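S.K.: Below is a structure I'd like to ask you about.
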Amino acid sequence: MRKILSLVMAITLTVGLAACGEKAVTTAPDGTYQGTGVGKGGEIIVEMEISDNTIKDIQVLKQDESEGLDVALDMLSEEMIATNSIDVDSISGATITSAGFKLAVRDAFKKTGVDKSVLVSKEKPAPEKREAKYNADVIVIGAGGAGLTAAITAAENGKSVIVLEKMPIAGGNTLISGGEYAAPENWVQEEENLEDSNDLFFEDVMKGGDNEGDADLVRVLADKALEGALWLRDDVEMVFEDYMLFFGGHSVMRSLVPKNATGYEMIHKLTLKLEETNSPIHLNTEATELIEDENGKIVGVTAVYNDEIITYTANNGVIIASGGFGYSKEMREKYNPTMNEGYLSTNSVGSTGDGILMAEKVGAKLEDMQYIQAYPTCDTQSGALLYVGDVRLAGRSILVNKEGKRFVEELERRDVISNAVIEQTGGVSYMFWDESAMVDSKVAVKHASEYNGLIARKQLVKADTIEEAAEFFGIDKEELKKTIENYNQYAKDGKDLEFNKRGTLVSFEEGPYYIMVSKPAIHHTMGGIKINTSAQVVNEDGSIIEGLFAAGEVVGDIHGSNRLGSDAITDITVFGRIAGESASK
Ligand code: ADP
């Protein structure tokens, strides 16, 4: 009996082992497999080639991710092939794109019918080797718009330049912005016979920031705005559209629009221009501390690359162009407790105020740190700035609340609109427009992937009637109809009796109609390092810190309490160039 039992056990064990053994020799059938995921711009479709249990290739068949951030797809696929693994880390700064791509790859692999453990992973290739020390005439911290502009300027003055960028992709907030540039007396204004002047721009910037900005710095911004735009157009070869946008708080339409209305055009062209000067950008390199000599002059900066400390010494100086602190909840709350974690942020994940902290440590004066701006019409889910909402800046939409009523002038300053939205039911606003506004503003074409994503995520509705559109979001439809009738009357009379909306009013005539829900998100930090008109960093006692320059969002005291739309690109260009010049001397 015992013998029979042991025989049965032996057989069971053998069968069991055989089953296990079978599992161990499982292989993925050679072939190509397609998979789908959803990124920022909708569907991402990939095709994966597997042979000998090895990822041979991954092709992206369809994607509509933001230009500039789509390089994340290549980076991920290279790493998956190199490591023979579908589990790789997302690319910092392109999280949604990375997640969509990884989903697509996982979906493709699932079709092999085997577990991913059949892929024997290989070690990740070592990152590019770096020296422990580098020296250049000028070291620039940050490869956003200000940093690249400063670097090109210094390099064109014959200086050797190295740009440090902590993220794997250059561009910062500039890349993900709309890239619009406020310039008085610009070429599109000339075409359209629109009168403008540096003085009027100066006044708008000062007034827009409640006269809190440093008038000397604003004077430079206004007087050099057009020159900066011409430099971008003619030297950097940036392409601009032939129309402008009307950003809140400006007295006239003066904001130039780059190709496709995204900051990609600027970052892409600046990067190409910098390449011409043979100045390197050291990516994944985070500047951590400024180096002072015995006289307090800044002579370099230490940085961390791949867990190693690298010393960068500068013969002429260091330019801080590391952007604002809109992504740092800690800094936001420290300087303005109302801008707490309840707010989402439109910012790049690199905007954590590093340059401000480094400069503060060497005695730099900080100004206006409490002034933090929310952008009024952002994605209620992610906080991303919604470019489809630019129909408002074309003067062709109104903002209503759940009760179907307007509550603010749609072309008011961002802070005024944001504060007004927060007071409304649910802390959101509903942007309403009609088909002719859609056609004229072209926002659905220019920002097609965003538009499709918004529709898919039910953040935007297109409906044949006003009632239907209102019902989609539970807005009071009778009130909304009344609001539109009133607005149409104001358009006929040429005067908005409720909110005195600036610009030319155009009535809403025929459907389809559109309503988009949005809410404010942290967008820009006005405060930062104090500079003089030569972009030299100023000490707490008002003297200059030798060898230290700053430009861009990292600087404070230009936009005062509130930055007007499209003034940031002007600022980073004008002061980026000045910082580059000053550091070349
Ligand atoms: P600006 O508009 O002023 O040019 P951006 O946000 O466009 O500002 O660019 C700032 C850049 O600086 C971003 O690409 C960001 O990742 C980078 N950056 C921020 N902190 C550091 C740091 N400590 N070291 C290197 N780069 C940094």
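The values are calculated or read from the model by the stated rules, or taken from the named source; none is laboratory data. Keep in mind that what you see is a predicted model, and the values were worked out from it rather than measured. All Cβ positions, glycine included, derive from the backbone under ideal geometry; neighbour counts span all protein chains shown. We work out accessible area using only protein heavy atoms, side chains counted, and drop any ligands, DNA or RNA first. Shrake-Rupley method; radii C 1.70, N 1.55, O 1.52, S 1.80 Å.
S.K.: Go through the stretch 436-488 and give me each residue that's under 17 Å from LYS40 (Cβ atoms) and outside any helix (DSSP H, G or I). Let's see the steps before the verdict.
M.R.: Applying the first criterion (under 17 Å from LYS40 (Cβ atoms)) to the stretch 436-488 yields 443-444, 446-460.
Once the filter is applied, which keeps residues that are under 17 Å from LYS40 (Cβ atoms) and outside any helix (DSSP H, G or I), the stretch 436-488 yields HIS447, ARG457, LYS458, GLN459, LEU460.
S.K.: Follow-up question, since we're still on this one. Six or more apart or on different chains, Cβ atoms under 7 Å: show the pairs whose first residue is in the stretch 161-183 and basic (Lys, Arg) and whose second is within 8 Å of the ligand (Cβ to nearest atom) and part of a loop (DSSP other than H, G, I, E, B).
M.R.: Close Cβ pairs satisfying both conditions: LYS166/GLY350.
S.K.: Now for a separate question. So how many residues does the stretch 545-585 have that are open to solvent by 10 Å² or more (accessible area, probe 1.4 Å), in a loop (DSSP other than H, G, I, E, B) and more than 13 Å from the ligand (Cβ to nearest atom)?
M.R.: Number of matching residues: 3.
S.K.: In the stretch 365-390, which residue that is buried (at least 24 other Cβ atoms within 10 Å of the Cβ) and aliphatic (A, V, I, L, M) is nearest to GLY556 (Cα to Cα)?
M.R.: Top of the filtered list is ILE372.
S.K.: When the stretch 348-364 is examined, which residues are found to be part of a loop (DSSP other than H, G, I, E, B) and either under 20 Å from ASP557 (Cα atoms) or more than 16 Å from the ligand (Cβ to nearest atom) (or both)?
M.R.: Of the residues in the stretch 348-364, the ones part of a loop (DSSP other than H, G, I, E, B) are 348-353, 362-363.
Passing the criteria: SER351, THR352, GLY353, VAL362, GLY363.
S.K.: Is there a residue in the stretch 232-248 that is surrounded by fewer than 16 Cβ atoms within 10 Å (Cβ to Cβ), assigned to a loop (DSSP other than H, G, I, E, B) and more than 14 Å from the ligand (Cβ to nearest atom)?
M.R.: Within the stretch 232-248, one or more residues are surrounded by fewer than 16 Cβ atoms within 10 Å (Cβ to Cβ), assigned to a loop (DSSP other than H, G, I, E, B) and more than 14 Å from the ligand (Cβ to nearest atom).
S.K.: Now for a separate question. If GLY342 satisfies all but one of (1) more than 10 Å from the ligand (Cβ to nearest atom); (2) under 29 Å from GLU412 (Cα atoms); (3) open to solvent by less than 30 Å² (accessible area, probe 1.4 Å), what's the number of the condition it fails?
M.R.: Result: GLY342 passes all but (3).
S.K.: Select from the stretch 365-388 the residues that are of a type in the set (S, T, N, Q) and closer than 16 Å to GLY528 by Cα and write down the one among them that is nearest to the ligand (Cβ to nearest atom).
M.R.: That would be GLN373.
S.K.: Using the structure shown, decide if VAL257 is over 19 Å from the mean Cα position of the chain (by Cα) and either away from the ligand (no atom under 16 Å from the Cβ) or open to solvent by 50 Å² or more (accessible area, probe 1.4 Å) (or both).
M.R.: On the way: over 19 Å from the mean Cα position of the chain (by Cα): no; either away from the ligand (no atom under 16 Å from the Cβ) or open to solvent by 50 Å² or more (accessible area, probe 1.4 Å) (or both): yes.
When the stated conditions are applied, VAL257 does not pass them.
S.K.: Which residue, of LEU73, LEU69, LEU61, is surrounded by 18 or more Cβ atoms within 10 Å (Cβ to Cβ), among the aliphatic types (A, V, I, L, M) and modelled with pLDDT of 95 or more?
M.R.: Criteria check complete, one pass: LEU73.
S.K.: Sticking with this one: Restricting the search to the stretch 311-324, which residues are open to solvent by less than 10 Å² (accessible area, probe 1.4 Å) and either among the β-branched types (Val, Ile, Thr) or touching a Lys or Arg at 6+ places or on another chain (Cβ under 6 Å) (or both)?
M.R.: VAL318, ILE319, ILE320, listed by residue number.
S.K.: Looking at the stretch 186-217 only, could you name the residues that are in contact with a strand residue (DSSP E or B) (Cβ under 9 Å, 6 or more places away or on another chain), open to solvent by 40 Å² or more (accessible area, probe 1.4 Å) and not acidic (Asp, Glu)?
M.R.: Correct list: TRP187, LEU194.
S.K.: Looking only at the stretch 402-416, count how many residues are aliphatic (A, V, I, L, M) and open to solvent by 30 Å² or more (accessible area, probe 1.4 Å).
M.R.: From the stretch 402-416, those aliphatic (A, V, I, L, M) are 408, 411, 416; that's our starting set.
Narrowing further to those that are open to solvent by 30 Å² or more (accessible area, probe 1.4 Å): 416.
Number of matching residues: 1.
S.K.: Of all residues in the stretch 289-301, count the ones that are open to solvent by 30 Å² or more (accessible area, probe 1.4 Å) and within 15 Å of the ligand (Cβ to nearest atom).
M.R.: First pass over the stretch 289-301, keeping only residues open to solvent by 30 Å² or more (accessible area, probe 1.4 Å): 289, 291-295, 297, 299.
Filter once more, so that each one left must be within 15 Å of the ligand (Cβ to nearest atom): 289, 291.
Residues flagged as open to solvent by 30 Å² or more (accessible area, probe 1.4 Å) and within 15 Å of the ligand (Cβ to nearest atom) within the stretch 289-301 amount to 2.
S.K.: For the stretch 478-512, name all the residues that are among the small types (Gly, Ala, Ser) and free of Cβ contacts under 8 Å to residues at least 12 places away in the same chain. Write out each step before concluding.
M.R.: Looking only at the stretch 478-512, we keep the residues that are among the small types (Gly, Ala, Ser), and these are 491, 494, 503, 507, 511.
Passing the criteria: only GLY494.
S.K.: Which one of GLU330, GLU286, GLU276, GLU308 is touching a Leu at 6+ places or on another chain (Cβ under 9 Å) and either more than 14 Å from the ligand (Cβ to nearest atom) or open to solvent by 70 Å² or more (accessible area, probe 1.4 Å) (or both)?
M.R.: Only one candidate qualifies: GLU286.
S.K.: Anything in the stretch 116-132 that is more than 16 Å from the ligand (Cβ to nearest atom) and either open to solvent by less than 30 Å² (accessible area, probe 1.4 Å) or in contact with a Leu (Cβ under 8 Å, 6 or more places away or on another chain) (or both)? List them, or say none.
M.R.: Residues satisfying the conditions are VAL118, LEU119.
S.K.: Every residue in the stretch 96-118 that is outside any loop (DSSP other than H, G, I, E, B) and either free of Cβ contacts under 8 Å to residues at least 24 places away in the same chain or over 37 Å from the mean Cα position of the chain (by Cα) (or both), please. Lay out the reasoning, then the answer.
M.R.: So in the stretch 96-118, the residues outside any loop (DSSP other than H, G, I, E, B) come out as 96-110, 116-118.
Answer for the stretch 96-118, where residues must be outside any loop (DSSP other than H, G, I, E, B) and either free of Cβ contacts under 8 Å to residues at least 24 places away in the same chain or over 37 Å from the mean Cα position of the chain (by Cα) (or both): SER117, VAL118.
S.K.: Name the single residue, out of those in the stretch 140-176 being in a loop (DSSP other than H, G, I, E, B) and more than 9 Å from the ligand (Cβ to nearest atom), that is least open to solvent (accessible area, probe 1.4 Å). So that I can check it myself, show each step before the final result.
M.R.: If we filter the stretch 140-176 for residues that are in a loop (DSSP other than H, G, I, E, B), which is where we start, we get 142-144, 157-160, 165-171.
Among the residues that remain, those that are also more than 9 Å from the ligand (Cβ to nearest atom) are: 157-160, 168.
Numbers: ASN157: 69, GLY158: 62, LYS159: 57, SER160: 54, PRO168: 24 Å².
Applying the filter and picking the extreme gives PRO168.
S.K.: Still on this structure, please answer the following. Out of curiosity, is ASN135 more than 13 Å from ARG577 (Cβ to Cβ), polar (S, T, N, Q) and either more than 10 Å from the ligand (Cβ to nearest atom) or modelled with pLDDT under 95 (or both)?
M.R.: Working: more than 13 Å from ARG577 (Cβ to Cβ): yes; polar (S, T, N, Q): yes; either more than 10 Å from the ligand (Cβ to nearest atom) or modelled with pLDDT under 95 (or both): yes.
The answer is yes for ASN135.
S.K.: Among the residues of the stretch 196-232, write down those that are more than 27 Å from the chain's Cα centre (by Cα) and closer than 13 Å to HIS250 by Cβ.
M.R.: Residues satisfying the conditions are ASP196, SER197, LEU200, GLU203.
S.K.: If VAL537 satisfies every condition in (1) more than 25 Å from VAL428 (Cβ to Cβ); (2) touching a helix residue (DSSP H, G or I) at 6+ places or on another chain (Cβ under 7 Å); (3) not in a strand (DSSP E or B) but one, which is the exception?
M.R.: Every condition holds for VAL537 apart from (3).
S.K.: Yes or no: LEU399 open to solvent by less than 30 Å² (accessible area, probe 1.4 Å), part of a loop (DSSP other than H, G, I, E, B), more than 16 Å from the ligand (Cβ to nearest atom) and in contact with a helix residue (DSSP H, G or I) (Cβ under 9 Å, 6 or more places away or on another chain)? Explain how you work it out, then say what you get.
M.R.: Working: open to solvent by less than 30 Å² (accessible area, probe 1.4 Å): yes; part of a loop (DSSP other than H, G, I, E, B): no; more than 16 Å from the ligand (Cβ to nearest atom): yes; in contact with a helix residue (DSSP H, G or I) (Cβ under 9 Å, 6 or more places away or on another chain): yes.
Here the answer is no, as LEU399 does not meet what is asked.
S.K.: Scan the stretch 251-270 and tell me whether some residue there is touching a Lys or Arg at 6+ places or on another chain (Cβ under 9 Å) and assigned to a loop (DSSP other than H, G, I, E, B).
M.R.: Within the stretch 251-270, one or more residues are touching a Lys or Arg at 6+ places or on another chain (Cβ under 9 Å) and assigned to a loop (DSSP other than H, G, I, E, B).
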